[in-house]
1. Could you give me the residue pairs with C-beta distances under 7 Å whose first residue belongs to region 499-526 and is at pLDDT 90 or above, whose second residue is outside any helix (DSSP H, G or I) and among the hydroxyl-bearing types (S, T, Y) wherever it lies, and which are 6+ apart or on separate chains?
2. Might you check whether a residue that is open to solvent by less than 30 Å² (accessible area, probe 1.4 Å) and within 15 Å of the chain's Cα centre (by Cα) occurs anywhere in region 484-498?
3. Within region 584-634, which residues are farther than 23 Å from G81 by Cα and in contact with a Pro (Cβ under 6 Å, 6 or more places away or on another chain)?
4. For region 28-67, give me each residue that is open to solvent by 80 Å² or more (accessible area, probe 1.4 Å), of a type outside the set (D, E) and in contact (Cβ under 8 Å) with a residue 60 or more places away in the chain.
5. Give me the residue from region 301-340 that is part of a loop (DSSP other than H, G, I, E, B) and among the polar types (S, T, N, Q) and, out of that set, least open to solvent (accessible area, probe 1.4 Å).
6. Confirm whether T472 is among the β-branched types (V, I, T) and surrounded by fewer than 24 Cβ atoms within 10 Å (Cβ to Cβ).
7. Every residue in region 619-666 that is under 27 Å from L72 (Cβ atoms) and open to solvent by 50 Å² or more (accessible area, probe 1.4 Å), please.
8. Any idea how many residues of region 153-205 are open to solvent by less than 40 Å² (accessible area, probe 1.4 Å), at negative phi and among the aromatic types (F, W, Y)?
Amino acid sequence: MKAFILIYSAMAIFQKAPKSPEEASTFKPLDISPDQVLEMNEEEWYEKVYRGDSVPQLTIRATIMGSVLGFLLAFTNLYIGLKTGWGLGVAITACIMSYAIWNIFLKAGVAKSPMTILENNCMQSTASSAGYSTGGTMVSAIAALLLLTATPENPKGEHLDTIVLVSWTLFLAAFGTLLAIPMKRNMINKERLKFPSGTAAATTLQSLYSEGAIALKKARALAYSAAFGAMFPLLIELNIVIDGKIKPLMASYAKIFDSLKAPGGFKPSEWTIQWDANPVMVAAGALVGMRIATYMVIGGLILVYGIGGYGLGAQWENLDGETVSAITHPSKAWKELGLWLGVPIMLSYGLLQFATQWKTILRALGGLKGTNNTPSSKENIVKATEVPNSWFLWGMVLTSFAIIYVANKHFEIPVHYGLLAIVMTFFLSLVAARATGESDITPVGAMGKIMQLTYGTFIPSQTANLMSASITANGAGSAADLLNDLKSGYLLGANPRRQFVAQMMGIFAGTAATVTGFKLLVPDATKLTGSETVLPDGTLEYIPPDFPAPAAQAWKAVAEVMAGGGIDAMHPAYLAAIYWGLALGALFLVLEMTFPKWKSVLPSATGIGLGLILPFQYPLSMFAGAAIAWYWAKKNKESSDNYMVPIAAGLIAGISIMGVIVAIINSITAID
């Protein structure tokens with residue numbers, strides 16, 4: 001009965017869209033800028049900014065548009081996440097795409113009226129939920145679980161059943177979305193934390209509706225770059241028959257550095273020093289920036305020219321009596337030796353940085369008490385606009401039960417430990433959300449590693465270690481994402497309850513996209529590990545993975561060590577790399593804290609760590625993209641500010657979406 005009441009309440013808050021352009025024009029944006037709203041207290045906000053009841057916001061067309069765009073953009077985050085381990089916010093991209101598409105609909109007569117600014121804001125809430133909150137566990141814990149099932153006898157590994165994958169993804173996304181409810185009013189209304197990404201989304205929407213000509217130019221730039229990017233999967237991934245052989249039209253990599261020297265008498269391309277023909281990482285580098293991209297290249301060069309020769313010669317007799325090297329082949333250096341140096345660098349840095357934020361942690365826990373200084377005259381409107389506590393309580397009961405059930409039945413997690421994971425996630429998400437509000441950095445990695453280290457002492461199971469940590473990592477990421485969206489809506493005068501409904505609706509489209517996309521892009525573990533093929537002369541050639549999945553590699557490494565007995569079975573060179581990595585991560589943090597003014601040039605733990613655990617072609621491409629973006633901004637900052645993000649986002653979207661389509665075509669062709 002309660003479930004029916006909740007569904008009815010949600011449906012009752014849908015609104016009717018404007019019927020004509022004239023009606024839509026009465027809902028123009030406020031003259032108050034987001035920066036001005038940031039300075040207002042809650043009472044001023046209700047008096048001067050709130051317009052969630054008078055302006056259409058949660059409409060059927062807005063949620064459909066958000067679901068469709070979120071479905072497509074979910075592929076971009078899945079694609080990039082499997083390539084780099086990062087997730088990219090999709091809210092701004094969705095705003096630009098929606099604005100442009102709806103203008104096309106208006107000109108074609110398909111739509112009768114423009115979307116209001118609050119409809120577009122609600123649309124981006126749905127899209128960002130679909131595109132962001134459902135993919136985090138897929139590129140980390142789920143991919144790591146697939147890697148763990150791969151063995152020499154079965155290199156392809158075993159996928160989870162689709163129904164399990166869908167259930168886990170959906171329940172975790174809903175759980176994370178619900179976690180934001182008790183945090184919203186205190187962090188956004190009362191304390192007025194900035195949530196930079198949410199503020200940027202609100203500013204973008206304000207500019208779209210006040211500077212229509214520039215907005216359409218940005219949209220055209222995004223569309224053209226998406227069309228250009230879509231050509232590359234067709235050229236380098238689509239299998240066609242050429243001279244009787246099934247292969248792509250164009251090679252994936254260009255071995256343009258093979259005239260240079262490399263350790264061990266191998267060619268640079270055998271150390272993965274080559275140019276990647278796919279420009280998706282160039283676009284990602286443009287968004288990441290010069291510091292991280294530069295240190296990614298440095299990390300990759302350290303692996304090859306610094307410790308590569310040592311790794312080739314580091315012999316050890318394992319527990320089976322076999323003599324093995326720390327690096328068995330140069331092309332595998334990133335996942336053999338580099339992994340054990342790069343992951344500890346990022347782990348040490350992330351956990352220590354988290355510990356230094358003790359003031360943030362105390363503020364987060366103190367915020368649980370909240371305050372109730374709302375004047376009695378405002379109590380009714382607050383109750384009518386904020387998400388009811390009953391939604392949070394019943395939602396948490398249902399999603400927690402579902403998560404604990406799936407965790408126990410399929411992932412070897414006892415019920416009491418599943419409940420402990422839920423409780424820990426609530427408190428750690430408070431901290432993660434506050435860190436996002438204050439710095440725009442969500443410490444998802446640190447949250448997951450805390451859980452991995454904690455559960456490694458409780459349950460000697462790699463599967464349980466991974467999946468308990470994924471509860472926290474995905475919960476924290478989803479909660480922070482929802483709060484960014486709610487901050488955007490708050491700055492524009494939106495109704496938070498309607499935004500919450502939009503966000504919850506988005507997770508269905510996102511789950512469908514990420515599960516489908518993951519199964520298509522990664523049909524088996526060799527897409528993450530690479531494979532070997534025998535050349536005509538009888539020698540073995542290592543084929544690099546399509547998706548190195550650095551986040552999954554890191555999660556897998558920690559799970560293996562914590563599962564018991566892992567350290568004893570490790571190559572001494574790997575153990576030495578772990579100790580050096582932990583020390584270097586701590587050193588990098590100390591340098592940043594000691595010399596904060598020099599942070600832009602100091603070593604980046606994230607950059608060097610990723611450079612060590614990725615095939616070199618990826619850091620190289622990202623550096624090229626970051627360098628292009630830096631030069632563009634230096635030469636013409638206004639042009640860069642207007643078009644760099646749309647072009648980079650368009651490239652990523654075009655390549656990612658077409659990549660999934662090509663995967664479908666290749667699958668059908670293989671079946672035939």
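The values are calculated or read from the model by the stated rules, or taken from the named source; none is laboratory data. Here the structure is a predicted model, which is why all the values come from computation and not from measurement. In this analysis, Cβ positions are derived from the backbone assuming ideal geometry, glycine residues included, and neighbour counts consider all displayed protein chains. Heads up: the accessible areas ignore ligands, DNA and RNA and are worked out on the full protein's heavy atoms, side chains in. Shrake-Rupley method; radii C 1.70, N 1.55, O 1.52, S 1.80 Å.
1. I507/S133; I507/T134; G510/S133; G510/T134; T511/T134; T514/T134
2. Scanning region 484-498, I find at least one residue that is open to solvent by less than 30 Å² (accessible area, probe 1.4 Å) and within 15 Å of the chain's Cα centre (by Cα), so the answer is yes.
3. Once the filter is applied, which keeps residues that are farther than 23 Å from G81 by Cα and in contact with a Pro (Cβ under 6 Å, 6 or more places away or on another chain), region 584-634 yields only F588.
4. Of everything in region 28-67, just one residue is open to solvent by 80 Å² or more (accessible area, probe 1.4 Å), of a type outside the set (D, E) and in contact (Cβ under 8 Å) with a residue 60 or more places away in the chain, namely K28.
5. It comes out as N318.
6. It is false that T472 is among the β-branched types (V, I, T) and surrounded by fewer than 24 Cβ atoms within 10 Å (Cβ to Cβ).
7. Of everything in region 619-666, those that are under 27 Å from L72 (Cβ atoms) and open to solvent by 50 Å² or more (accessible area, probe 1.4 Å) turn out to be I628, W632, D641, Y643, V645, I647, I661, I664, I665.
8. 2
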